[in-house]
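Peer 1: Structure incoming, see below.
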Amino acid sequence: MNPASFFSPDYRTARAKFQAAAKAAGCEVATYAHPLKGPEGEDLATDVVRIGPADAKRYIVLNTATHGVEGFCGSGAVIGVLTERLDRELPPNTAFLIIHAINPYGFAWLRRVNEDNVDLNRNFLDFSQPLPVNAEYANIHQWLVPRNFEGEELARADAELGKARERLGAKPFQGAVSGGQYAFPDGLFYGGSGPTWSNRTLRRILPEMIGDATHVLFFDFHTGLGPYGYAEPINGHPPGTDGYQRLFDWIGDCVTSAQTGTSSSTRLSGTIGFGVMEALPNAIHTKSTLEYGTRPNEYVRLALRSDCWLHNYGDLKSPRAKEIKALIRDAFYRDYDDWKELVYVRARQIIRRGIAGLSTQKD
């Protein structure tokens, strides 16, 4: 089957395809309804299936749309997993848990963030404790999303960001912009002031669906960093830990780490992998972000700034809004058959390596 057929043009179609693929594979879909609606008034939900031996205690968890608009990629990959029945390759005591659109609002509305402008992958923190401080972000916030996103004001903002990048260096500048911040609710990469709907829903799904897990291999699908169509497996564990080494042993030398400086990503606060570990405290965890390249960093950053400006100051019904939504969709989803093939084939390779690695673990 052509891998491009697994992918969808919008959230509504992706959800229907996922449900159809699950039904064809004999799965029951558990639905966690979101309280809001999509842009066409459609229902929003996180849909989940468990597929594999009924007595399984080892799980490969595939999660999609942590960053809403990035859900096109993950949705296509997991629909492919169901359609090609990769569950038939699972060893005894091992099953898939597939989470379709943990951030359905962002997927449907073509936003990387959720309904509260919160970056879900910065939201998994203990909010009873002091939150991380990103002082450098505070210095550039006004330039990232100026009130007037055109003409002289935009040119000045771009110039100031260029100065900041030159002063800090490329990697520290990336960290200042995207590492996560908790002081500007109208800004980029905002981690929130408390657990979001998606955060709470994930913490509900995992105990309900796989609360008996002894081993969990977690893959979270993302886009926007790296070369076109390439899947970078980013290690979700600190160097020197068992989980860190397991991921290298199972997936190979292509694994990178933000903490050692080998990843296209910067260090992050409050990532979703920590939520998985906290929701299943009795399991042994191995976790990775699968980051697929789309467009150059400058293009992606412009799309994020434009979308944030639109929702802060713009008119969602204007022609410019339509242009910005097309821009952010293109920044995180390359709607070309070769890109989709690269996404799925590499996902299948990595998942198969994960299956083999998980099978070596003793209960």
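The values are calculated or read from the model by the stated rules, or taken from the named source; none is laboratory data. Owing to the predicted nature of the structure, the values given are computational and were not obtained by experimental measurement. Every residue, glycine among them, receives a Cβ derived from its backbone with ideal geometry; neighbour counts consider all protein chains shown. These area figures cover heavy atoms from the full protein model, side chains too; ligands, DNA and RNA do not enter into them. Shrake-Rupley method; radii C 1.70, N 1.55, O 1.52, S 1.80 Å.
Peer 1: Taking the simple approach of a point 7 Å from Cα along Cα-to-Cβ for both Ala155 and Glu298, what is their distance in nm?
Peer 2: Distance between the two pseudo-spin positions: 1.6 nm.
Peer 1: Here's something else I'd like to know. As an exercise, use a Förster radius of 51 Å and the Cβ-Cβ distance of Gln361 and Lys317 to find the FRET efficiency, rounded to the nearest 0.05.
Peer 2: It comes out at approximately 0.45.
Peer 1: Zone of Lys163 (label point 7 Å along Cα→Cβ, backbone N under 16 Å): which residues in the stretch 182-206?
Peer 2: none
Peer 1: Shifting gears a bit: Rounded, prolate or oblate: which fits the stretch 197-251, taking a ≥ b ≥ c as square roots of the Cα gyration tensor eigenvalues, rounded meaning a/c under 1.5, else prolate when a/b beats b/c?
Peer 2: Oblate, since a/c reaches 1.5 and b/c is not below a/b.
Peer 1: Let me ask something else about it. Counting other Cβ atoms within 10 Å, which GluC sites (Glu not before Pro) in the stretch 1-98 have at most 14 and lie in a DSSP loop?
Peer 2: Here the sparse-neighbourhood loop sites are Glu28, Glu40, Glu42.
Peer 1: If you average the C-alpha positions of the stretch 286-363 and of the stretch 23-99 separately, how far apart do those two centres end up, in angstrom?
Peer 2: That distance is 17 Å.
Peer 1: Pop a pseudo-label 7 angstrom from the Cα along the beta-carbon direction at both Asp242 and Asn2 and give the gap in nm to one decimal.
Peer 2: 4.7
Peer 1: Could you look at the stretch 112-179 and say what percent of its accessible area is carbon and sulfur, using a 1.4 Å probe and all protein chains?
Peer 2: Heavy-atom surface of the stretch 112-179 belonging to carbon and sulfur, 1.4 Å probe: 49 percent.
Peer 1: Roughly to the nearest percent, how much of the accessible area of the stretch 249-363 is carbon and sulfur, given a 1.4 Å probe?
Peer 2: On the stretch 249-363, the fraction of accessible area on carbon and sulfur atoms equals 49 percent.
Peer 1: Each residue of the stretch 11-24 in turn: what ³J(HN,Hα) in whole Hz from Karplus with 6.51, -1.76, 1.60 and θ = phi - 60°, glycine and Pro shown as x?
Peer 2: 4, 4, 5, 4, 5, 5, 5, 5, 5, 5, 5, 5, 4, 5
Peer 1: Provide the per-residue ³J(HN,Hα) series for the stretch 213-224, in order, calculated from phi with Karplus coefficients 6.51, -1.76, 1.60 and θ = phi - 60°, each as a whole number of Hz, with x at glycine and proline positions.
Peer 2: Computed from phi, the couplings for the stretch 213-224 are 4, 9, 9, 10, 10, 10, 10, 10, 8, 9, 9, x Hz.
Peer 1: Kindly provide the trypsin sites (Lys or Arg not before Pro) of the stretch 100-201 that DSSP labels as loop, not H, G, I, E or B, and whose Cβ sees at most 14 other Cβ atoms within 10 Å.
Peer 2: Passing sites in the stretch 100-201 are Arg147.
Peer 1: Heavy-atom accessible area per residue, the chain, 1.4 Å probe: how many Å²?
Peer 2: Accessible surface, normalised per residue, equals 41 Å².
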